[in-house]
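Before I ask anything, let me first share the structure, which is written out below as structure tokens.
None of the figures in this text is laboratory data; all of them are computed from the coordinates on show. Everything quoted here is computed from the prediction, not taken from an experiment. Backbone-built Cβ (ideal geometry, glycine too); neighbour counts: all protein chains shown.
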């Protein structure tokens with residue numbers, strides 16, 4: 001009994017510590033955005049890595065305690081989304097340097113997700129039979145990783161629109177000097193799409209296979225399935241326009257924000273307020 005209690009305390013302890021350090025990293029990146037001091041960016045980056053390590057420890061501790069992949073309720077899913085967002089940011093920053101300004105837009109989102117997760121019920125409940133499946137870690141993990149890249153697309157899209165506005169108004173100081181070039185931001189947007197869309201596709205396919213095992217049907221037009229399909233169509237259209245038509249710049253940035261809006265509905269509104277086959281007591285905590 002004492003061991004179980006300690007495990008639960010360790011899980012929550014590392015989660016709260018990670019949240020605190022994410023907030024420190026956010027402040028560091030915002031200081032960098034305001035001052036453009038490389039020391040602030042470097043410090044914020046290392047603080048972010050510490051927060052990521054603590055967050056990873058929290059997820060692993062909860063996994064051990066729950067004895068299943070900790071992505072089965074809103075607290076766990078939102079926490080894992082924040083973790084995935086950091087993974088995505090590190091990948092994009094490694095592939096296409098954004099001068100770490102992207103961190104000033106990503107870390108506030110991560111912090112907000114962690115704060116929201118901290119407000120959701122933390123308790124671990126037994127899994128319902130339908131979730132006791134081999135497909136749970138595959139479908140849920142891949143889908144949430146896809147979502148993280150769509151959020152990164154939205155961040156790059158916001159930055160693009162801000163930078164474009166500065167250029168049109170010929171304000172070539174201040175924010176203009178702090179943000180990456182339009183070309184770099186468009187490349188960030190495109191790379192995030194090329195990673196996120198295949199992940200979403202695999203997530204939907206694995207979900208359909210799981211649904212057939214659980215309910216005897218690959219597709220039932222459940223609210224979650226419907227909104228996931230809408231989201232897939234939006235990002236498929238954007239990828240097609242990029243590859244076939246040559247869409248770049250503003251159109252792609254705006255489309256990224258449209259896709260992000262649909263994701264918000266799919267992830268939060270549908271799961272919280274629209275009953276369906278994907279809604280479980282455990283999701284509400």
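Given q = 0.07, 0.11, 0.12 Å⁻¹, what are the Debye log10 I(q)/I(0) values for the chain, with equal point scatterers placed on the Cα positions and solvent ignored?
For the chain at q = 0.07, 0.11, 0.12 Å⁻¹, log10 I(q)/I(0) is -0.27, -0.67, -0.79.
With angles folded into 0 to 90 degrees, how steeply does helix 250-264 sit against the dominant principal axis of the chain? Use alpha carbons for both and round to 10.
Computed tilt is about 20 degrees.
Given 0.36 nm per residue, what is the gain on full extension from residue 181 to residue 233 after removing their alpha carbon distance, in nm?
15.8 nm
Just need the relative contact order of the chain here, percent rounded to a whole number, with Cα pairs under 8 Å and 6+ apart.
Over the chain, the number comes to 20 percent.
Once R0 is set to 25 Å, what does the formula 1/(1 + (r/R0)^6) return for the Cβ-Cβ distance between residue 272 and residue 172, expressed as a FRET efficiency to the nearest 0.05?
After rounding to 0.05, the efficiency reads 0.05.
Here's something else I'd like to know. List 14, 80 from most exposed to least, where exposure is judged by having the fewest other Cβ atoms within 10 Å.
Ranking 14, 80 by Cβ neighbours within 10 Å, fewest first, gives 14, 80.
Report, in deg cm²/dmol and to the nearest 500, the calculated mean residue ellipticity at 222 nm for the chain, where each DSSP H run with n ≥ 4 adds -39500 (n - 2.57) and the sum is divided by the residue count.
On the way: 11 runs with 216 residues, N = 285.
Mean residue ellipticity at 222 nm (helix-derived): -26000 deg cm²/dmol.
Roughly how many nanometres apart are two label points built 7 Å out from the Cα toward the Cβ at residue 214 and residue 245?
Those two pseudo-labels are separated by 3.6 nm.
Helix 135-168 against the longest principal axis of the chain: what's the angle in degrees, Cα atoms only, rounded to the nearest 10?
The helix 135-168 is inclined about 20 degrees to the chain.
Which order results if 85, 125 are arranged by neighbouring Cβ count within 10 Å, fewest first?
So the ranking, lowest neighbour count to highest, is 125, 85.
As an exercise, use a Förster radius of 22 Å and the Cβ-Cβ distance of residue 68 and residue 13 to find the FRET efficiency, rounded to the nearest 0.05.
0.60
Expressed as an acute angle from 0 to 90° and rounded to the nearest 10, what is the orientation of the C-alpha long axis of helix 182-215 relative to the principal long axis of the chain?
Compared with the principal axis, the helix lies near 10 degrees.
If we count other beta carbons within 10 Å of each Cβ, what is the order of 220, 228, fewest first?
Ranking 220, 228 by Cβ neighbours within 10 Å, fewest first, gives 220, 228.
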